[in-house]
């Protein structure tokens with residue numbers, strides 16, 4: 001039982017999906033000038049869980065980004081149906097920060113075809129509501145053990161393998177014919193079916209390749225069977241690839257600065273291996289940086305901002321480049337106002 005490459009067992013493979021709102025940083029706009037300002041923060045407002053097994057993990061992340069100067073606050077999230085439980089990963093977002101509304105399909109307590117409207121309520125900077133739509137079908141004859149493929153946390157470049165048992169009760173002729181994914185950084189190998197009276201079982205191993213991109217993993221595998229009525233069923237893949245280099249804070253607030261005034265902030269840069277900082281890239285000449293010398297797992301970078309003579313809105317990307325292989329880097333965003 002060997003891992004099969006995409007195109008044989010895993011068909012139609014694409015690059016792992018990554019949310020990208022815009023290339024570079026645009027100046028944030030005032031929310032008062034925007035119609036449907038809250039909905040514009042979301043990259044999508046609908047999701048179909050399709051067909052999932054009873055008791056399996058089924059979650060979807062509706063990601064949104066604060067595009068505005070003002071701080072955005074999520075006051076509440078609610079669902080029209082108990083089949084779906086919504087939560088906010090973060091309720092307060094400064095300029096350019098991102099968060100998610102996590103929709104959990106309650107497959108352990110509901111069966112059949114279900115749909116729900118999730119209402120996201122914002123109370124800052126102005127009151128607004130956004131409706132998110134989810135739907136799906138929960139089957140009772142198919143189960144996964146464990147409920148999802150969870151790789152946990154891994155280092156960048158690390159490989160991990162997880163095993164899951166897929167069980168079908170009912171038709172002894174039920175067979176899995178294919179496994180598909182939109183993520184080329186996953187590979188699978190599937191055992192021959194174990195057939196018992198009224199039950200068919202498969203053991204499937206899923207491998208996370210060393211090429212998996214850094215960040216949270218929210219992927220799906222689609223099992224294709226010979227069931228003509230419900231030919232596909234979805235399986236969740238979760239985990240997190242820890243960034244090689246990280247900087248904290250990721251969003252630096254400079255607040256309000258007067259013309260000619262200077263302000264300093266300290267950035268913490270860390271990695272798993274000792275490294276040196278090669279350079280700090282910033283397109284705004286009002287920013288300057290003091291970088292330490294030598295190789296360590298943790299560095300402090302002193303950032304200084306000196307305001308000019310004109311009022312301005314600041315939204316600047318800062319990239320800290322290291323000497324790690326591939327010039328691994330970390331980024332943060334500095335925002336503020338010059339009055």
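Here, each number is a calculation from the coordinates, and none is a lab measurement. Note that the structure is predicted; figures quoted are calculated from it, not measured. Note: ideal-geometry Cβ built from the backbone for every residue, glycine included; neighbour counts use all protein chains shown.
What to note about this one:
- Modelled this way, with points 7 Å down the Cα-to-C-beta line, the labels at residue 211 and residue 242 are 2.5 nm from one another.
- Here the gap between residue 258 and residue 150, fully extended at 0.36 nm per residue and compared with their Cα-Cα distance, gives a gain of 34.0 nm.
- Efficiency of FRET between residue 317 and residue 167 - r from beta-carbon atoms, R0 56 angstrom, step 0.05: 0.70
- Reported value for the range 34-138: 80 Å³ per residue, from the convex hull of its C-alpha atoms.
- Contact order for the range 278-339, expressed relative to its length and based on alpha carbon pairs under 8 Å spaced 6+ residues apart, stands at 35 percent.
- Mean Cα-pair separation over length for the range 34-138, i.e. relative contact order, pairs under 8 Å, 6 or more apart, %: 34
- Protection proxy ranking, peptides 110-119, 311-320, average beta carbon neighbours within 10 Å, highest first: 311-320, 110-119
- The range 133-269: C-alpha gyration tensor shape, a/c 1.5 cut-off, then a/b vs b/c: prolate
- Ordering of 60-66, 142-148 by burial proxy (mean other Cβ atoms within 10 Å per residue, highest first): 60-66, 142-148
- Each of residue 71 and residue 290 was given a label point 7 Å from its Cα along the Cα-to-Cβ line. The distance between the two points is 2.9 nm.
- For the pair the range 139-207 and the range 294-324, the centres of their Cα atoms are 46 angstrom apart.
- With 0.36 nm allotted per residue and the present C-alpha distance subtracted, the residue 104-residue 203 stretch has 33.1 nm of extension available.
- Relative contact order, percent, the chain [alpha-carbon distance under 8 Å, six or more residues apart]: 16
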